[in-house]
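Engineer: Before I ask anything, here is the structure I am working with.
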Amino acid sequence: MAKVNMEYSDYFEYVMKRMRTNGLLLTSWKDDGSANAMTIGWGMIGIIWSRPLWQVLVRPSRYTYQLLERQPFFCVNVMPEEYNRALQICGTKSGRDYDKLSLAGITAEKGSACGAPVIKESIIHYECQIVHKNDFVPEQMVPDIREGNYPSGDFHRVYWGQIIDCKVDEQAMKTLQTS
């Protein structure tokens, strides 16, 4: 898939729909140099500090949390629908115990902007440099959100990633838009 540069806000509606329905892949490098992917269903794209940012949420119990604490970047990958099984695998297996990319039949390559792992099969990807991170403050949350989403108290850390580069496979997007 040949990808070209895009504006971070291009295909916004499609990206949000994919995140809401099947999820997106958040990727980072493992200590051994291989890539790890975690399916995410919560996140935001926007402008903060006059910069385009992805906000991604990761619980401290997740292996991805450990990896993001040790590296300055991540990548958000939008997968085509034929990779829904890969999204399911990456959302139910831990990278501590499995080579999830191999199990899912996907491959990673070093991104051209900041070196974050890009999933080759993705149709859109966003390379992001971590510019801030913070933890949720449970006492500041509306009770129904706190109780409904965090019954065990495993609150997310929010990673704010400045979008350094984003690319799209335009041919794949054209096919999706006409089907």
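The values are calculated or read from the model by the stated rules, or taken from the named source; none is laboratory data. From a predicted model like this one, the values you see are computed outputs, not experimental measurements. Every residue, glycine among them, receives a Cβ derived from its backbone with ideal geometry; neighbour counts consider all protein chains shown.
Engineer: How about region 22-70: which of its residues are more than 15 Å from Asn134 (Cα to Cα) and of a type in the set (Asp, Glu)?
Structural biologist: Listed by number, the residues that qualify are Asp31, Asp32.
Engineer: Going residue by residue through region 27-46, is there one that turns out to be hydrophobic (A, V, I, L, M, F, W, C) and assigned to a loop (DSSP other than H, G, I, E, B)? I'd like the intermediate steps shown before the answer.
Structural biologist: From region 27-46, those hydrophobic (A, V, I, L, M, F, W, C) are 29, 35, 37-38, 40, 42, 44-45; that's our starting set.
Still in the list and also assigned to a loop (DSSP other than H, G, I, E, B): 42.
Yes: one or more hits.
Engineer: Would you mind finding the one in Tyr8, Tyr14 that is closer than 21 Å to Gln171 by Cα, in a loop (DSSP other than H, G, I, E, B), under 16 Å from the mean Cα position of the chain (by Cα) and not small (Gly, Ala, Ser)? Working first, answer last.
Structural biologist: On the way: Tyr14 fails: in a loop (DSSP other than H, G, I, E, B).
None of the others qualify; the one that does is Tyr8.
Engineer: Oh, and also: Using the structure shown, decide if Pro60 is over 13 Å from the mean Cα position of the chain (by Cα) and touching a residue at least 12 places away in the same chain (Cβ under 8 Å). Please lay out each step first, then the result.
Structural biologist: Numbers: over 13 Å from the mean Cα position of the chain (by Cα): yes; touching a residue at least 12 places away in the same chain (Cβ under 8 Å): yes.
Yes, satisfied.
Engineer: Take residues that are at pLDDT 95 or above, closer than 21 Å to Arg18 by Cβ and not small (Gly, Ala, Ser) and tell me which of the strands (runs of 3 or more DSSP E) falling wholly in region 51-168 contain 3 or more. First the steps, then the outcome.
Structural biologist: On the way: elements: 51-58, 73-78, 108-110, 117-119, 124-135, 157-168.
It comes to 51-58, 73-78, 117-119, 124-135, 157-168.
Engineer: Here are some residues: His132, His125. Which one is under 17 Å from Trp54 (Cβ atoms), touching a Lys or Arg at 6+ places or on another chain (Cβ under 8 Å) and not β-branched (Val, Ile, Thr)? Spell out the reasoning first.
Structural biologist: Numbers: His132 fails: touching a Lys or Arg at 6+ places or on another chain (Cβ under 8 Å).
Matching residue, one of His132, His125: His125.
Engineer: Moving on to the next point. Inspect all residues belonging to region 125-139 and state whether any of them is of a type in the set (Asp, Glu), under 16 Å from Trp29 (Cα atoms) and free of Cβ contacts under 8 Å to residues at least 24 places away in the same chain. Give the steps one after another, and end with the answer.
Structural biologist: Residues of region 125-139 of a type in the set (Asp, Glu): 127, 135, 139.
Subsequent filtering for residues that are under 16 Å from Trp29 (Cα atoms) retains 127.
If we keep only those that are free of Cβ contacts under 8 Å to residues at least 24 places away in the same chain too, we end up with none.
Taking every residue of region 125-139 in turn, none turns out to be of a type in the set (Asp, Glu), under 16 Å from Trp29 (Cα atoms) and free of Cβ contacts under 8 Å to residues at least 24 places away in the same chain.
Engineer: I would also like to ask the following. Name the residue that is surrounded by the fewest Cβ atoms within 10 Å (Cβ to Cβ), counting only residues in region 130-169 that are charged (D, E, K, R) and more than 20 Å from the chain's Cα centre (by Cα).
Structural biologist: My answer is Glu139.
Engineer: Within region 42-69, count every residue that is buried (at least 17 other Cβ atoms within 10 Å of the Cβ), of a type in the set (A, V, I, L, M) and farther than 17 Å from Ser152 by Cβ.
Structural biologist: Matching residues across region 42-69 total 5.
Engineer: Going through region 1-23 one residue at a time, which ones are touching a residue at least 60 places away in the same chain (Cβ under 8 Å) and either touching a Leu at 6+ places or on another chain (Cβ under 6 Å) or not hydroxyl-bearing (Ser, Thr, Tyr) (or both)?
Structural biologist: Of the residues in region 1-23, the ones touching a residue at least 60 places away in the same chain (Cβ under 8 Å) are 1-8, 10-11, 14-15, 18, 22-23.
Selection gives Met1, Ala2, Lys3, Val4, Asn5, Met6, Glu7, Asp10, Val15, Arg18, Asn22, Gly23.
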